[in-house]
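In what follows, a single structure is set out as structure tokens and then discussed.
The values are calculated or read from the model by the stated rules, or taken from the named source; none is laboratory data. No experiment lies behind these values; they were computed from the predicted model shown. Backbone-built Cβ (ideal geometry, glycine too); neighbour counts: all protein chains shown.
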Amino acid sequence: MEGTLQKYIPERAVEPCFGLIKQYEVNLKIVNQRVTRHGDYRRLPNGLHQITVNATSNKYSFLITLIHEIAHLVAFEKYGRKIKPHGLEWKRTFQYLMLPFIRPEVFPSKLLPILANHFRNPKASSGTDANLSLALKQFDVQHKEKSYVFELPFGSIFRIYNGKTFKKGNKRVKRYECMELATGKLYLFQPNAEVELISD
């Protein structure tokens, strides 16, 4: 397991992560990229704990997702199964488990202030924190030129991962209203959603 972890997380995080996996008897599965989620935690019928995390070339994203899912396990074990999955108990547990990793031996120094800000009140997904998501994407090994919704001019036409096309509209509080061209339906997009620009 330690050898596998070395492929996916920063070197200085391997030993403490392996310790958490052993301590909480986690069955860790690394799976192909899923668009809808980065990872998940399930308690199996036999009582064992299974965590799945998307395989990614980005060691920092993988580490955050792994600790996010371990925090679910620990919060449910400590506070019971009736707590909200991303409620206060989970947030405090995630903060506590993540704290030993937020240091320059593990993360690049330019990520540290962004991580510190994120972990004041962690979100259900690091992808919904636009600042953190964009900062982490700089460390994708297969980093290719992508467009983000917030960069596109008003009225731009763009395509998403499943081939659907949209027209960018107005910004609401944090997200952008975009109309699906095929149906005329309005959808809200995170500013850091990756898209393919068709025309502006």
*Answer yes or no: is there a residue in the stretch 45-60 that is charged (D, E, K, R) and more than 19 Å from residue 107 (Cα to Cα).*
no
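Working only within the stretch 87-137, note down all residues that are of a type in the set (Val, Ile, Thr) and either farther than 17 Å from residue 66 by Cβ or loosely packed, with under 15 Cβ neighbours inside 10 Å (or both).
Just the residues of the stretch 87-137 that are of a type in the set (Val, Ile, Thr), to begin with: 93, 102, 106, 114, 128.
Residues satisfying the conditions are 114, 128.
Looking at the stretch 158-168, which of its residues are in contact with a strand residue (DSSP E or B) (Cβ under 9 Å, 6 or more places away or on another chain) and surrounded by fewer than 16 Cβ atoms within 10 Å (Cβ to Cβ)? First the steps, then the outcome.
Start the filter on the stretch 158-168 by keeping residues that are in contact with a strand residue (DSSP E or B) (Cβ under 9 Å, 6 or more places away or on another chain), which leaves 158-161, 164-168.
Within the stretch 158-168, 159, 161, 164 qualify.
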*Return a yes/no flag: does the stretch 140-148 have any residue that is touching a Lys or Arg at 6+ places or on another chain (Cβ under 7 Å), crowded, with 17+ Cβ neighbours inside 10 Å and hydroxyl-bearing (Ser, Thr, Tyr).*
no
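For a quick check of your reading: which strands (runs of 3 or more DSSP E) sit entirely within the stretch 148-200 and have at least 1 residues that are among the aromatic types (Phe, Trp, Tyr)? Step through it out loud before you land on a result.
Working: elements: 157-159, 165-171, 176-180, 186-189, 194-199.
The strands (runs of 3 or more DSSP E) meeting that bar are 157-159, 165-171, 176-180, 186-189.
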*Are any of the residues in the stretch 122-138 free of Cβ contacts under 8 Å to residues at least 60 places away in the same chain, in contact with a helix residue (DSSP H, G or I) (Cβ under 8 Å, 6 or more places away or on another chain) and part of a loop (DSSP other than H, G, I, E, B)?*
yes
*Scan the stretch 159-200 for residues that are touching a Pro at 6+ places or on another chain (Cβ under 7 Å) and small (Gly, Ala, Ser) and report the count.*
0
*Criterion violated by residue 175 - all others in (1) closer than 27 Å to residue 60 by Cα; (2) at pLDDT 90 or above; (3) touching a Gly at 6+ places or on another chain (Cβ under 9 Å) satisfied*: (3)
*From the list 24, 8, 41, 60, which one is crowded, with 17+ Cβ neighbours inside 10 Å, aromatic (Phe, Trp, Tyr), farther than 19 Å from residue 124 by Cβ and touching a residue at least 24 places away in the same chain (Cβ under 8 Å)?*
8
